[in-house]
1. When you look at residue 77, is it assigned by TED's automatic domain parsing to the domain that holds residue 169, among the hydroxyl-bearing types (Ser, Thr, Tyr) and surrounded by fewer than 19 Cβ atoms within 10 Å (Cβ to Cβ), yes or no?
2. For the range 132-177, enumerate the residues that are outside any loop (DSSP other than H, G, I, E, B), in contact with a strand residue (DSSP E or B) (Cβ under 6 Å, 6 or more places away or on another chain) and not acidic (Asp, Glu).
3. Those residues that are over 15 Å from residue 287 (Cα atoms) and free of Cβ contacts under 8 Å to residues at least 24 places away in the same chain, I need them from the range 140-160; list them, please.
4. Working carefully through the options 151, 126, 68, find the one that is small (Gly, Ala, Ser), surrounded by 14 or more Cβ atoms within 10 Å (Cβ to Cβ) and either touching a Pro at 6+ places or on another chain (Cβ under 9 Å) or more than 25 Å from residue 202 (Cα to Cα) (or both).
5. Determine the pairs where a residue that is over 12 Å from residue 17 (Cα atoms), located within the range 259-273, has a partner that is of a type in the set (Ser, Thr, Tyr) with Cβ atoms under 7 Å apart, the partner being 6 or more residues away or on another chain.
6. Select from the range 276-298 the residues that are β-branched (Val, Ile, Thr) and within 17 Å of residue 198 (Cα to Cα) and write down the one among them that is surrounded by the most Cβ atoms within 10 Å (Cβ to Cβ).
7. Scan 189, 163 and give me the residue that is of a type in the set (Lys, Arg), surrounded by fewer than 20 Cβ atoms within 10 Å (Cβ to Cβ) and farther than 30 Å from residue 13 by Cβ.
8. I'd like to check something: does the range 89-96 contain any residue that is crowded, with 19+ Cβ neighbours inside 10 Å, part of a helix (DSSP H, G or I) and in contact with a Lys or Arg (Cβ under 6 Å, 6 or more places away or on another chain)?
Amino acid sequence: MCEGSNHAIVYGASGLIGWSLVNQLLRAYPHVGSFSKVTAVTNRPLNFSESYWPEPESDQPALQLVSGVDLRRGDGTTLAELLKHNMKDAQSVTHIYYLVFSAVDDDIEEVATNRHMFENVVDAHGLISPNLQFVAFPGGTRGYGIYSPGGTFTPPLHEEMVKDLPADYAKTVVYPAYRQLLATKSEGKKWTWCEVCPDAIVGFTPNGSQYSLALHWAQYLSLYAYNHGIGPYAQESNRATVEIPFPGNAAGAGSLFSPVSSKTIARFMIYASLHPEVCGGGRLFNIADNQIPSTYGDLWPKLAKWFGMVGVGPTDVSPAQDNILKVGEVPETTQTLAPGDKGAPAVGHCPTPA
């Protein structure tokens, strides 16, 4: 097919990466004419007026928004019928961007649930989209075993390491199941696929995200600033310099991670899908904004400055206490408190920072 007839469908279009993918496609990345149609699919309700995507223009792809699609229901045939009745030109889809994830308390059940959803998508388009060319999805550093205490591999993490993930851990992570699914489903077909692997994602969602660390930082820092007389709604103060310590220990402040913007991820996924000859075949790509990793110790002063404060290092942590835990471990004294338990904050209220 010629490039101008490309039709992208984005599942999970209101999430961190999905929203950015639609945004970049509508802004005609990588150039005008790369795609003629974009279909944004969400489970949660979303109106275009609340999406913050660019207003329609003559040189951008035509957008259709399909909400209320629960991929957990039924099978590929069920989804195929739903798509045919709720979207235009389902048969013309050429590129699938899959950004859906459903968290489940039990790891094995989580893998089964998410594999089932992805299989529904692949099977549905196998029935209704004969011109499918590419499928792209994001993995994550969980696929390198970082949830195991102390980690599984010694950083830096390289793509080939995922093949050596211990079997007892691999069965608790959905990414290996995705790879097996796509390898099997694409065999003998005209389409191919790839996976991208981000670490910490920096992005935007129109309807919020429980995974938004930026929101948690903003709540904490804004409350701290307010309680110390800083901010438009704070009571008058002498505006003395307010220092705010990093809310963790030195090991946490010094831990390396690789932030990446959702824009970078979206653009690379689009690029990869348009270059199957070099990016297809089930290739995995680590992705970051910079080759050099960051630490929260470096970022903390910059975050605090946004709220009119001076960010400083952690306090009152002895070296012995600081180094006793491995990455992924929590103190034995840590406990989960349900709403209503003694010591638990009331539902709907945040503990106020000192």
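1. Working: assigned by TED's automatic domain parsing to the domain that holds residue 169: yes; among the hydroxyl-bearing types (Ser, Thr, Tyr): yes; surrounded by fewer than 19 Cβ atoms within 10 Å (Cβ to Cβ): yes.
Spelling it out, residue 77 is indeed assigned by TED's automatic domain parsing to the domain that holds residue 169, among the hydroxyl-bearing types (Ser, Thr, Tyr) and surrounded by fewer than 19 Cβ atoms within 10 Å (Cβ to Cβ).
2. Step one: of the range 132-177, the residues outside any loop (DSSP other than H, G, I, E, B) are 134-138, 141-144, 159-164, 167-170, 174-177.
Narrowing the set further to residues that are in contact with a strand residue (DSSP E or B) (Cβ under 6 Å, 6 or more places away or on another chain) leaves 134-138, 159.
Within the range 132-177, 134, 135, 136, 137, 138 meet the criteria.
3. Passing the criteria: 152, 153, 154.
4. Details: 151 fails: either touching a Pro at 6+ places or on another chain (Cβ under 9 Å) or more than 25 Å from residue 202 (Cα to Cα) (or both); 68 fails: surrounded by 14 or more Cβ atoms within 10 Å (Cβ to Cβ).
Checking each option against the conditions leaves just 126.
5. 259/294
6. Here is the first cut: in the range 276-298, the ones β-branched (Val, Ile, Thr) are 278, 287, 292, 295.
Now drop any that are not within 17 Å of residue 198 (Cα to Cα), which leaves 287, 292, 295.
On the way: 287: 19, 292: 8, 295: 13.
It comes out as 287.
7. On the way: 189 fails: farther than 30 Å from residue 13 by Cβ.
Matching residue, one of 189, 163: 163.
8. Yes, that holds for at least one residue.
The values are calculated or read from the model by the stated rules, or taken from the named source; none is laboratory data. All of these numbers come straight from a predicted model, not from anything done at the bench. A quick note on method: Cβ atoms are made from the backbone with ideal geometry, for glycine too, and the neighbour counts reach across all protein chains shown.
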